[in-house]
1. Given (1) within 24 Å of the chain's Cα centre (by Cα); (2) surrounded by 10 or more Cβ atoms within 10 Å (Cβ to Cβ); (3) modelled with pLDDT under 80; (4) over 22 Å from residue 219 (Cβ atoms), identify the lone condition not met by residue 26.
2. Pairs needed: first member in segment 333-361, on the phi < 0 side of the Ramachandran plot and without any contact (Cβ under 8 Å) to a residue 60 or more places away in the chain; second member anywhere, buried (at least 20 other Cβ atoms within 10 Å of the Cβ) and outside any helix (DSSP H, G or I); C-beta distance under 6 Å; at least 6 residues apart or different chains.
3. I'd like the residue in segment 223-238 that is out of contact with any strand residue (DSSP E or B) (no Cβ under 8 Å at 6 or more places or on another chain) and under 14 Å from residue 90 (Cα atoms) and, out of all such residues, is surrounded by the fewest Cβ atoms within 10 Å (Cβ to Cβ).
4. Answer yes if at least one residue in segment 200-217 is within 20 Å of the chain's Cα centre (by Cα), over 18 Å from residue 73 (Cβ atoms) and assigned to a loop (DSSP other than H, G, I, E, B), and no otherwise.
5. What are the residues in segment 289-312 that are touching a residue at least 40 places away in the same chain (Cβ under 8 Å) and either touching a strand residue (DSSP E or B) at 6+ places or on another chain (Cβ under 6 Å) or more than 19 Å from residue 276 (Cα to Cα) (or both), if any?
6. Given the options 179, 161, 168, name the one that is outside the structural domain of residue 326 (by TED's automatic domain parsing) and in contact with a helix residue (DSSP H, G or I) (Cβ under 7 Å, 6 or more places away or on another chain).
7. Considering only residues of segment 182-199 that are assigned to a helix (DSSP H, G or I) and touching a helix residue (DSSP H, G or I) at 6+ places or on another chain (Cβ under 7 Å), which is nearest to residue 68 (Cα to Cα)?
8. Just to be sure before I move on: is residue 329 surrounded by fewer than 21 Cβ atoms within 10 Å (Cβ to Cβ), on the phi > 0 side of the Ramachandran plot and not assigned by TED's automatic domain parsing to the domain that holds residue 112 in the structure I sent?
């Protein structure tokens, strides 16, 4: 065994486990474990990838200028304050690398996205887990947890895996209350599913301590290409660009994202279908005695009596060719996170959960 040891904190990180994609012995399993858009990307993005194949021998853009300009145009933002990354995950990691280290603290909520803790530990900082209130971000609890050592406060809004979110007044109160030496990072991976929500862009414009991140992996249907972006004060962008890999995004990924961000009609259609089917699925499961909090993402968090029932239901769903996500690693062992698929998938899930519940009564 080598005597060379990694940086402190790294060995506390459990390797990330993505949502399962296959069930042994099942040929036509439906994957509902990774919150992917069942309708995929818009055709314009597919065509952009096909065209980009002609230049695969060329290095991609280092400054992502065309994509940043398109994002700025479509969202009314300053392209100079936009950074692009390998999914929004890379930007979250860059923030930890740049602003947190040994002796510093990084705050996240008890059911928050796993990358927040991973990024803090990888940077040598101390992750601080804060309780939520009924599976919803608790601003007072976060503010009470802040100390002079706090450097980053991560809040997913809507949150994954709970689907809950806090309103703009609470977000503003949080930004007002954190220490002057800390940044509030608003993770908006699912914000496109909330009509009329800017993900915190106006707050970034108005303050110098707020960063917003977004992704093309969810509603834009480009999870396989890994493109995310962030909007931040100019000095934060300058810092992150100094440590970002110069060729972190491939030419096909850049082309697809630039095309996708302009397809507003596709996004509205996907959001409307998700809203309709999410409400239907949540209602159908509630009728079977499986409640969930009102979700603002493209998934619901189904709650069961205890861990044993949740895991038994998961096993039964797998036997029916339906792959959902256990979330014990998010301190929710009695829950299953279920992606809102297309109508056929939602009906299959509701029927299978009904059969499971009937068999356990």
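1. Tallying (1) within 24 Å of the chain's Cα centre (by Cα); (2) surrounded by 10 or more Cβ atoms within 10 Å (Cβ to Cβ); (3) modelled with pLDDT under 80; (4) over 22 Å from residue 219 (Cβ atoms), residue 26 fails exactly one: (1).
2. Once the first residue is on the phi < 0 side of the Ramachandran plot and without any contact (Cβ under 8 Å) to a residue 60 or more places away in the chain and sits in segment 333-361, its partners that are buried (at least 20 other Cβ atoms within 10 Å of the Cβ) and outside any helix (DSSP H, G or I) give 334/304; 336/302; 336/324; 352/322.
3. Across segment 223-238, the extreme among qualifying residues is 223.
4. yes
5. Selection gives 289, 290, 292, 299, 300, 301, 302, 309, 312.
6. 161
7. Only one residue fits best here, namely 192.
8. no
The values are calculated or read from the model by the stated rules, or taken from the named source; none is laboratory data. Owing to the predicted nature of the structure, the values given are computational and were not obtained by experimental measurement. Quick reminder, even Gly has a Cβ in these numbers, built from the backbone with ideal geometry, and neighbours come from all protein chains shown.
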